[in-house]
Amino acid sequence: MTRFAEEQMSAAGQRAKNAARLDVSKPLFFFAPSSSDSAEASATGEHSGARRSPMLIRARSVLARHPFRWFYGLSLLLSLLLLVPFLLFAADERIAEGFARSGLAYRTDLITAARVIWAVPATLPGFLLAFSQILAPDIMAFVVVALVFGRSGVRRLAGGYRLWNPSVPWRRGATVWLHCIFTFVGLSLITALLHSVLLPTAQFEWSPPHLTLSFLGTLLVAMFLDIGGIAEETGWRGFALPYLQSRFTPLRATLILGTLWGLWHLPLKADWLSIGVGHAVLMLLLFTLRLTLLSVIMSYFYNRLGGSTLIAIAMHGLHNDSVQLQGIVDFDQLPVGQQFTVEGALTLPIAAVAAYLIWRTRSQLAYSPKEVPPEFTGNEALQAQTPSSGAHVDLAHDSHSIEASHSRKGS
């Protein structure tokens, strides 16, 4: 066979592979299947008679260029859209009334929410609206990953629900979990101490928990059934953190994510406007600072386990403190000055631990590409793009840009 014929056959084979990979006849969720997915589709005849939609091809190409930006923008947009029915329905007031009528203490876990709904069924729409609003990051993580990275990407995203990466020895994994729990319990106890010193006795209540089976059960509920942890962390730590760490240094990726995580809460904190616009803006900035510092701690433990969404959910829940280790403070009834005091008491211990971890790990936050697979990388997103005759995608230029960004990681 001549060299020319071999080259022609090779080119034809490559075009066939690309056609199988980029076929849009499959459902929208599977735009970027892996090679195994393509084989499955071929076996079932999914690709037969395919018709390509230039509009869908172009939309996917645009989405694949900036997966994280689309994920964040759509998460924020969904939260803002759901804010309208949330306010019109007065969901916050109905939920507060439900807690009052049920006699249950305010907690952020699903068990408590179910008990309130059982006692006061009228609170169900309010809880559904609130949960839907908080769920935006998880929803958009699955949507963006499905569109850009395909079926294999969705499997990888769901694969983050593990105690630790299989490459991590079980003794080390168990030790990291214990260190994480003790760290967050310690942070809560220090916050309680600061509350007891800085707040008037009438404004703060704390009953030291006893190490009983009931307390341990409550601790597990706080870790794994906290509404915020379940509804957000697949997006923030399951998708966004590994994607950003594949493009930036671990510390820079964490600071970017933490800042945007805090600002995303703006629609959820609309009630802060009741203390005045100026105070509300300052409170949002302090809140964002706290979550940014908290993200440093969360990235560290996430990386120590080789990438675990489950420990991110647990850390989120422990920080939200359904166990009430931080004590009971009626935040909304406090004067504005004392509200800032409460925020400071939460932030200071976190800042100390975050600073120590940055120093101790030399800003690497336990990140190792060998142990934390660079899931959802920029290069992988570029491969998912679909050049069309009407809209050419310069993969060589974008690949060069990504290589340049990786070269800057060490600087």
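The values are calculated or read from the model by the stated rules, or taken from the named source; none is laboratory data. The structure displayed is predicted, hence computed values, not measured ones. Heads up, the Cβs are rebuilt from the backbone with ideal geometry, glycines too, and the neighbour counts pull from every protein chain shown.
Each residue in region 318-339 was checked for being free of Cβ contacts under 8 Å to residues at least 60 places away in the same chain and under 28 Å from the mean Cα position of the chain (by Cα), and 1 of them qualify.
Within region 33-52, identify whether any single residue is touching a Pro at 6+ places or on another chain (Cβ under 7 Å), in a helix (DSSP H, G or I), closer than 22 Å to Val144 by Cβ and at pLDDT below 65, and answer yes or no. Even if it seems obvious, please write down each step before you answer.
If we filter region 33-52 for residues that are touching a Pro at 6+ places or on another chain (Cβ under 7 Å), which is where we start, we get 41.
Still in the list and also in a helix (DSSP H, G or I): 41.
Next, only the ones that are closer than 22 Å to Val144 by Cβ stay: 41.
Pick out the ones that are also at pLDDT below 65 and you get 41.
Yes, that holds for at least one residue.
Being without any contact (Cβ under 8 Å) to a residue 40 or more places away in the chain and of a type in the set (Lys, Arg) holds for only one residue in Arg151, Arg107, Arg155, and it is Arg155.
Yes/no per residue for (1) at pLDDT 95 or above; (2) of a type outside the set (Phe, Trp, Tyr):
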| residue | (1), (2) |
| --- | --- |
| Ala136 | yes, yes |
| Ile139 | yes, yes |
| Ala146 | no, yes |
| Phe149 | no, no |
| Ser167 | no, yes |
| Leu178 | yes, yes |
| Leu187 | yes, yes |
| Ala202 | no, yes |
| Leu216 | no, yes |
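Among the criteria (1) small (Gly, Ala, Ser); (2) over 19 Å from Leu76 (Cα atoms); (3) in contact (Cβ under 8 Å) with a residue 12 or more places away in the chain, the one Ala270 does not fulfil is (2). The set of residues from region 260-288 being within 15 Å of Thr341 (Cα to Cα) and β-branched (Val, Ile, Thr) comprises just one member, Ile275. For region 135-164, the set of residues classified as out of contact with any Gly (no Cβ under 7 Å at 6 or more places or on another chain), aromatic (Phe, Trp, Tyr) and surrounded by fewer than 23 Cβ atoms within 10 Å (Cβ to Cβ) consists of Phe142, Tyr161, listed by residue number.
Looking only at residues in region 134-193 that are β-branched (Val, Ile, Thr) and under 14 Å from the mean Cα position of the chain (by Cα), which one is nearest to Pro209 (Cα to Cα)? That would be Ile134.
Residues in region 57-79 that are over 20 Å from Ile256 (Cβ atoms) and exposed (fewer than 15 other Cβ atoms within 10 Å of the Cβ): Val62 only. Listed by position, the helices (runs of 4 or more DSSP H) enclosed by region 206-256 that each have at least 2 residues that are of a type in the set (Phe, Trp, Tyr) and either farther than 18 Å from Arg290 by Cα or in contact with a strand residue (DSSP E or B) (Cβ under 6 Å, 6 or more places away or on another chain) (or both) are 213-224.
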